[in-house]
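**Q** Just dropping this structure here.
Please treat every number below as a calculation from the coordinates, not as lab data. Just so you know, these numbers come straight off a predicted model, no measurement behind them. For neighbour counting, all protein chains shown are included, and Cβ atoms are generated from backbone atoms with ideal geometry for every residue, glycine included.
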Number of protein chains: 2
Amino acid sequence: MIRRLAIVGVGLLGGSVARAARAHGVAGEIVGIGRDGARLAAALRDGALDHATTDLPGGVAGADLVILGATVAANPVLLERVWAAAGDGAIVTDVGSTKRSIVRAAERLAATRPLAFVGSHPMAGSERSGYAASRADLFDGALVVVTPTDATEPRAVKGVTAFWEGLGARVTALDPDSHDRGVAAISHLPHLVAYALMAAIARDGADALPLAARGFRDTTRIAASDPAMWAEIFVDNRDALLARTGEFRRALDELERLVRGADRAAIETLLSRIKVAREGLA
Amino acid sequence: MIRRLAIVGVGLLGGSVARAARAHGVAGEIVGIGRDGARLAAALRDGALDHATTDLPGGVAGADLVILGATVAANPVLLERVWAAAGDGAIVTDVGSTKRSIVRAAERLAATRPLAFVGSHPMAGSERSGYAASRADLFDGALVVVTPTDATEPRAVKGVTAFWEGLGARVTALDPDSHDRGVAAISHLPHLVAYALMAAIARDGADALPLAARGFRDTTRIAASDPAMWAEIFVDNRDALLARTGEFRRALDELERLVRGADRAAIETLLSRIKVAREGLA
């Protein structure tokens, strides 16, 4: 049981953490910290937060668990301020889509003062952003990756794992490098591809947009995701993402070559293998 | 009102036509025609069909409206048999995803005997296939493209349009070339990209599959589509599809170049434009 939970950045993920923590009764008191007090008003009104403040040190003081819910570029900066303000017993985590940068930032800060940090990445989200898109059930049954290293305090892993499980999530551990390579494949590449697909159609095939059916809508849904957030993710994880993009290009090359050669039997064989792989997703 | 509706190929689309025609009461009698009588049994049992037969000429005889529901490679062959068997007053259409080939086939056949044909393409479907995936409401609010040419009999367009509207669909007309170029962008390219994405991850990033969340699932859903059907579509519409693939590659090139250069501001600007385009989809 957490007496005081502090959430820095109450958007889609931070807001969902607040609502889920409230719904599951895992925190005595929930404090939301943001740059703009007015933006936090809805979360206060909903009862997702007990307190809202623009004062980071004040909000973080006395918290057992601090969750960074800002973007991957903002979180390392905020982490430095949290590191200075949090009590000695606090556990700190984040919910960003990349983990090498934030874990590296935490390990640099740990040289100045020991504090329990472990990275988290809930594999749940939405193409919508902001507190208005947050949901108490966002983490129900979702997978959360925690990313300890040899330097991580075991109580951080234990506390953060228990927290996510308390919100209904499943938790798995990966080192930050493996995490970033994995999500480059399963999340960052699909976003890049969806954005490219939507860009191509908007530019060269806009007259066909009225024909769009569910296939197109689903394939491009995540091309409506938050541009600032995704620009930061793409840049922060660019080495892994560009490697994955190369793999995607090779798969596209092969399909294109078979289509160009009108090799129906070979295309069918390849699509059958792909279908089996897709259906193998639990 | 159609006295006798004949459906050649009672799979996802043919089966949905039968169920929707029954639900909307637009046909007196519904006949299903297939190669395998046992496969039609479920549709008979459901009451979607009044009769089921493997005898194409017998099934088509006396029909006011004949709908080809087989694949884009099979339909032209079946059309030739329908052309020989249908009564003089019959109207014929198909539900294939490409239209140039089938319209060309109909125009060749029209030289031998006048018969009212117009192509149809309901912009509705599923990654699932077969009668078991059919739904009475598949066409509710869906767009159906009909593809008349200068040679098309007006009563074919009128009759087929009224039929689709009777099933709850909206109907628009496009010439076969414009249709095939349009669906290459809005349907065939997204399928090719989804297949390539799933192929790349299955081959090079399979260890990341347990991390898959809704974004990956939605983006690759249509990679589970019917391989034989899509091999035929890709080959039949390969010129338009390869042109669209080139447009997609240019959009991907641009994004990749910005990611490689870590140009966060330019990426954000581009993603913002793409987001607006995606949100512009009705």
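**Q** Check B:ALA90: other-chain or 5+ apart residues with amide H under 5 Å from its amide H, H built from backbone geometry?
**A** Amide H neighbours of B:ALA90: none.
**Q** Whole-Hz Karplus ³J(HN,Hα) for the stretch B:174-189, in order, using 6.51 cos²θ - 1.76 cosθ + 1.60 and θ = phi - 60°, x for Gly and Pro?
**A** With coefficients 6.51, -1.76 and 1.60, one gets 9, 6, x, 5, 4, 4, 5, 5, x, 6, 4, 6, 8, 9, 6, 4 Hz.
**Q** Taking A:LYS275 as the anchor, which lysines have their alpha carbon closer than 28 Å to its alpha carbon, excluding any fewer than eight residues away along the same chain?
**A** The reachable lysines, counting only those whose Cα sits under 28 Å from A:LYS275, are B:LYS99.
**Q** Also: Report for the protein assembly as shown the percent antiparallel among DSSP-assigned beta bridges with both residues inside it, nearest 5.
**A** 15
**Q** Which residue is it, in chain A, that holds its beta carbon closest to the axis of the A-onto-B rotation, and how many whole angstrom away?
**A** Chain A residue with minimal Cβ-axis distance: A:ASP218, 2.
**Q** Spelling out what I want: for every residue of the stretch A:51-67, take phi, set θ = phi - 60°, compute 6.51 cos²θ - 1.76 cosθ + 1.60 (Karplus), and round to whole Hz; glycine and proline get x.
**A** 9, 9, 8, 9, 8, 4, x, x, x, 7, 4, x, 7, 7, 9, 10, 10
**Q** For helix A:154-166, report the angle its Cα long axis makes with the longest principal axis of the Cα atoms of chain A; keep it between 0 and 90° and round to the nearest 10°.
**A** Around 70 degrees separate the two axes.
**Q** Between A:ASP263 and B:ARG260, what is the spin-label point distance in nm, taking each point 7 Å from the Cα along the Cα→C-beta axis?
**A** In this crude label model, A:ASP263 to B:ARG260 measures out at 2.8 nm.
**Q** What nm distance separates the two modelled labels at A:ARG135 and A:ASP150, each placed 7 Å from Cα along Cα→Cβ?
**A** Modelled inter-label distance: 4.2 nm.
**Q** Where a ≥ b ≥ c are the square roots of the eigenvalues of the C-alpha gyration tensor, would you call the stretch B:19-73 rounded, which needs a/c under 1.5, or, failing that, prolate if a/b is larger than b/c, or oblate?
**A** rounded
**Q** Out of all DSSP beta bridges with both ends in chain B, state the antiparallel percent to the nearest 5.
**A** 15
**Q** Using modelled amide H (1.01 Å from N, peptide plane; none on Pro or chain starts), what sits under 5 Å from the amide H of A:LEU115, excluding residues fewer than 5 places away?
**A** Hits under the 5 Å cutoff: none.
**Q** In nm, to one decimal, how far is the B:HIS51 label point from the B:ALA38 one, both placed 7 Å along Cα→Cβ?
**A** So the label points at B:HIS51 and B:ALA38 sit 2.4 nm apart.
**Q** Note the distances from A:HIS24 to each other copy's matching label point, with points 7 Å along the Cα-to-beta-carbon direction, in nm, sorted shortest first.
**A** 4.7
**Q** Rounding to the nearest 10 and keeping the result within 0 to 90°, find how far the Cα-based axis of helix B:227-236 lies from the longest principal axis of chain B.
**A** The two axes meet at around 90 degrees.
**Q** Right, something else. Could you tell me which residue out of A:GLY159, A:MET229, B:THR152 lies farthest along the dipole of the protein assembly as shown toward its positive end? Charges go on the beta carbon: Lys and Arg +1, Asp and Glu -1, centred on the Cα centre.
**A** A:GLY159
**Q** Is the C-alpha gyration tensor of the stretch A:179-279 telling us rounded, prolate or oblate? Criteria: a/c under 1.5 is rounded; beyond that, a/b larger than b/c is prolate, otherwise oblate.
**A** Oblate.
**Q** Here's a follow-up. Could you compute how fast the stretch B:34-116 diffuses translationally, taking Rh as the Kirkwood radius over C-alpha pairs and applying Stokes-Einstein at 10 °C with viscosity 1.306 mPa s? Give it in µm² per second.
**A** D, rounded to a whole number, is 118 µm²/s.
**Q** Tell me, what HN-Hα J-couplings in whole Hz come from the Karplus equation 6.51 cos²θ - 1.76 cosθ + 1.60 at θ = phi - 60° for each residue of the stretch B:103-116, using x for Gly and Pro?
**A** 5, 4, 4, 5, 6, 5, 5, 5, 5, 8, 6, x, 8, 7
**Q** Still on this structure, I have one more. Run the label-point distances for B:VAL77 please: 7 Å along Cα to Cβ, every other copy, nanometres, shortest first.
**A** 6.5
**Q** What are the distances, in nm and sorted shortest first, from the label point of B:PRO57 to the label points of the same position in each other copy, with each label point placed 7 Å from Cα along the Cα-to-Cβ direction?
**A** 9.4
**Q** About the Cα centre of the protein assembly as shown, what is the dipole size in debye to 20, counting +1 per Lys and Arg Cβ and -1 per Asp and Glu Cβ, all else neutral?
**A** Roughly 180 debye, rounded to the nearest 20.
**Q** Build a GNM of chain A with springs between Cα atoms under 10 Å: which of A:ARG257, A:ARG181, A:ARG22 gets the top mean-square fluctuation?
**A** In this elastic network of chain A, the residue with the biggest mean-square fluctuation among A:ARG257, A:ARG181, A:ARG22 is A:ARG257.
**Q** Given H placed on each backbone N at 1.01 Å, which residues far from B:VAL145 in sequence or on other chains put an amide H within less than 5 Å of it?
**A** B:HIS121, B:MET123, B:THR172
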